[in-house]
Amino acid sequence: MKYVLLICTPVAGEELSPEEIATDPRFTSYIDEVRSRDIMRGGARLRPASDATTVRVQGDEVLLSDGPFVESKEYVAGIDIIEVADLDEAISLASRHPAALAGGSVEVRPVWE
């Protein structure tokens, strides 16, 4: 079954660049595990929430605002698409993600197929 892991980072948390993630042992260990198990189906590291633009439509009017869709203590910093046997396995993997271990969270959501 496919799941999306929504990797959420605290708004005031440390923002690591892709280069820093590539050399951070917390991330390299996690990435090596996921790759060795051949369960990764896609994903992306997202730019900071401050670079986001939110689009809303009210009637015929398109409304734009800077930043994430709601004010919150966390924002989505990246996504992983994984294919594992079941929800328990997805939760187990998410519980080892460096973001979850460093004050953020990882939302696990099944993919419609």
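The values are calculated or read from the model by the stated rules, or taken from the named source; none is laboratory data. Not measured: the values here are computed from a predicted model. Methodologically, a virtual Cβ is constructed for each residue, glycine included, from the backbone with ideal geometry; neighbour enumeration extends over all protein chains shown. Please note that ligands, DNA and RNA were not included when accessible areas were found on the heavy atoms of the full protein model with its side chains. Shrake-Rupley method; radii C 1.70, N 1.55, O 1.52, S 1.80 Å.
Restricting to region 80-109, name every residue that is in contact with a Leu (Cβ under 6 Å, 6 or more places away or on another chain) and either open to solvent by 50 Å² or more (accessible area, probe 1.4 Å) or in a loop (DSSP other than H, G, I, E, B) (or both). Residue satisfying the conditions is Glu107 alone. Every condition in (1) open to solvent by less than 50 Å² (accessible area, probe 1.4 Å); (2) over 28 Å from Thr28 (Cβ atoms) is met by Ala49 except one, and the failing one is (2). Of all residues in region 60-75, those being open to solvent by 70 Å² or more (accessible area, probe 1.4 Å) and over 22 Å from Ala12 (Cα atoms) number 4. Going through (1) in contact (Cβ under 8 Å) with a residue 60 or more places away in the chain; (2) open to solvent by less than 60 Å² (accessible area, probe 1.4 Å) one by one, Arg26 falls short only on (2).
Residue-wise test of (1) assigned to a strand (DSSP E or B); (2) modelled with pLDDT of 90 or more.
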position	(1), (2)
Glu15	no, no
Arg26	no, yes
Tyr30	no, yes
Val34	no, yes
Gly42	yes, yes
Arg47	no, no
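For region 76-113, give me each residue that is over 13 Å from Cys8 (Cα atoms) and β-branched (Val, Ile, Thr). Matches in region 76-113: Ile81, Ile82, Val84, Ile91, Val111.
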